[in-house]
Amino acid sequence: LTRPILARPILKPDSGTQQHDEAVPDGMLMPDLMVRAFREIATESPSIRIVNLSVCDPHAPFDTIPSGWARALDWLTAEHGMLSVVSAGNHTALELAVDQVTFAAANDGDRRRWTLEALSMHALSRRLLTPAESINSLTVGALHSDAAGAYVSGQRVDLLEDALIPSPVSGIGRGFRRSVKPDVHAPGGRQLFTVDLGGHATTTRLLPAIGSLPPGLRAACPTSVDPTTGEVHIRGTSGSTALITRRAARLLELVDALRSGVAGFEDRHIAAALKALVVHGAEWPDTKLVNVDDGLPVDRLLTYGWLATDHVLGCPPNRVTVLTVGDLGAREEEDVIIPLPASLSGVVGKRRITATLAWLSPINWRHRQYRRAKLGFGKPGGALNPVIDSKQIGLRRAQRGTVQHQIFEGSGAVPIGVDDDIRLTVQCTEQAGGLNGTSVPYAVAVSLEVAEALGVDVYTEVAARIRPPVRVVARP
């Protein structure tokens, strides 16, 4: 990274625990600590746009109503225009509904299936940990993935058998009012388990294997822990949240370059733009790995998915991504209009439209709806409308938070003229007592991608017609 990182401590060693575990200082409430920290940052380092919070309260799983900690984050991020990246939280022991003999004799795929069934059965006890339910924050879950390569397993067992799906220790959503949470998943290290030999005779109780050996994410550590390399391997949502924060930091550099000299792209839009661009690269992994009869709904486990596309790296010729920002008040809407390449006319082949809308909503914690601003969009209009269908997360569920991420795909041939386009209508509705005449900054990222085999240079054709920037038409 080219920018420095500011570390603002919020925990300290607790002398009342055997290992001097980190904890909130005595006599301090976490919401008050958040207010103090954010105000210090906003006053002393006003250029900071991203806050990483890789910490949760293990004794406070989310239960219907946002906690005081989450409410403080929602208010502070909207007030100061910062993107808060929060970990979903980690859980520990997992009990499978098979005895230890059957578990030891498992065939390929059995352990993954039993694990997913156990996660489904115990989903309520493995919920998000406070403050992961924060609606304005970007909540990150851990993916069962890393780049550690081969390793010596010993007595440790990989329950998911290297499947690219959320880790068994990662907190399971949904969020407030059954919204999509976590927003995204990122590699959190392959978490191995050991069998608890003192468990029940009819079940198999497994404990997360601890220690610094691979697999996992490689991270720096004090030389007192590892004097040879100063590195350890870690697992869980703290590491995945750090990776997403790094991605957001790199996107901040890209956003600063994009908005240079662009009228209307103000500082108040940056947090929403970063939030939209991070989630914009998300999609589901192979859903065949997670289908369990009468089990956990796939969309609840996978949420918006994992970051398959890194927009920091730019676009290949067969994909173009457009970023738009604006402000909307109550009962207002705006059209985002993106030209279509005429060379797609009559072409049969896969095409995908990915649209991501993000904003930071003012809140009213006294109202049951809590969120003052509801923004959303429907199926994109334009020439491709008849031949694209929504996949993965449905429109209604995606509109319950402060990020809406939709993927539309199709392959049918349609005639496309020189003036045809994709039209996305963003609407704003006030809730929870209303916006009181204020407007909400938002950002929309829209990508058009076609199969590489079609040989259509989508990027060049759209870029040639989109300068000056995307037309945005406001309607009362």
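The values are calculated or read from the model by the stated rules, or taken from the named source; none is laboratory data. Owing to the predicted nature of the structure, the values given are computational and were not obtained by experimental measurement. Positions of Cβ are backbone-derived with ideal geometry, glycine not excepted, and every protein chain shown enters the neighbour counts. Quick note on the areas: whole protein, heavy atoms, side chains included, nothing else; ligands and nucleic acids left out. Shrake-Rupley method; radii C 1.70, N 1.55, O 1.52, S 1.80 Å.
Residues of the chain were split at every exposed loop site, defined as trypsin sites (Lys or Arg not before Pro) in a DSSP loop with at most 10 other C-beta atoms within 10 angstrom, and the longest piece left, sites excluded, is 1-365. Which of the listed residues, Leu159, His59, Met34, is farthest toward the dipole's positive end in region 23-167, when Lys, Arg count +1 and Asp, Glu count -1 at the beta-carbon? Checking the options against the dipole of region 23-167, the answer is Met34.
Distance from the Cα centroid of region 225-253 to that of region 406-436 is 36 Å (rounded to whole angstrom).
In the chain, Rg over Rh equals 0.98, where Rg is the alpha-carbon radius of gyration and Rh the Kirkwood radius from pairwise Cα distances.
Projecting label points 7 angstrom from Cα along Cα→Cβ for Ser439 and Gln18 puts them 5.9 nm apart.
Rounded, prolate or oblate for region 288-329? Axes are the square roots of the Cα gyration tensor eigenvalues, ordered a ≥ b ≥ c, and the cut-off for rounded is a/c under 1.5. It is oblate, given that a/c is not under 1.5 and a/b is not larger than b/c. Determine the distance separating the Cα centre of region 1-19 from the Cα centre of region 173-217; give it in Å without decimals. Using only Cα atoms, the two centres lie 24 Å from each other.
The H on the amide N of Leu83, modeled in the peptide plane, is under 5 Å from the matching H of Ile50, Val51, each at least 5 residues off or on a different chain.
If contacts are Cα pairs under 8 angstrom and at least 6 residues apart, what is the relative contact order of region 343-476 in percent?
On the way: 226 pairs, mean separation 51.8, N = 134.
39 percent.
If R0 equals 45 Å, the separation of the Cβ atoms of Ala263 and Ser125 corresponds to a calculated FRET efficiency of about 0.30. With θ taken as phi - 60° and the Karplus curve 6.51 cos²θ - 1.76 cosθ + 1.60 applied, the whole-hertz 3J(HN,Hα) list for region 404-416 is 10, 10, 10, 10, 10, 10, x, 9, x, 8, 9, x, 10 Hz, x standing for glycine and proline. Angle of helix 270-280 to the longest C-alpha principal axis of the chain, folded into 0 to 90 degrees and rounded to 10: 70°.
In order along region 42-52, the phi-based Karplus estimate (6.51 cos²θ - 1.76 cosθ + 1.60, θ = phi - 60°) of 3J(HN,Hα) comes to 5, 7, 8, 9, x, 7, 6, 10, 10, 10, 9 Hz; Gly and Pro are listed as x. Solvent-accessible surface of the chain, averaged per residue with a 1.4 angstrom probe and all protein chains in place: 45 square angstrom. Applying the criteria of a DSSP loop state and at most 13 other Cβ atoms within 10 Å to the GluC sites (Glu not before Pro) of region 219-280 yields Glu266. Ligands, DNA and RNA left out, the accessible area of region 370-452 computed with a 1.4 Å probe is 43% carbon and sulfur.
How much of the accessible area of region 4-78, probe 1.4 Å, is carbon plus sulfur, in whole percent?
In region 4-78, the share of accessible area belonging to carbon and sulfur is 53 percent.
Among the GluC sites (Glu not before Pro) within region 415-456, not one is in coil by DSSP while having at most 11 neighbouring Cβ atoms inside 10 Å. Once the Cα atoms are used to define both axes, helix 110-121 deviates from the longest principal axis of the chain by about 80 degrees.
Taking amide H as placed 1.01 Å from N in the peptide plane, Ile165 has its amide H under 5 Å from the amide H of His144, each at least 5 places away in sequence or on another chain. In order along region 374-381, phi translates into HN-Hα couplings of 10, 10, x, 9, x, 5, x, x Hz, rounded to whole numbers, per the Karplus curve 6.51 cos²θ - 1.76 cosθ + 1.60 with θ = phi - 60° and x for Gly and Pro. Restricting attention to the chain, the count of lysine pairs at 8 or more positions apart or across chains with alpha carbons under 25 Å apart stands at 14.
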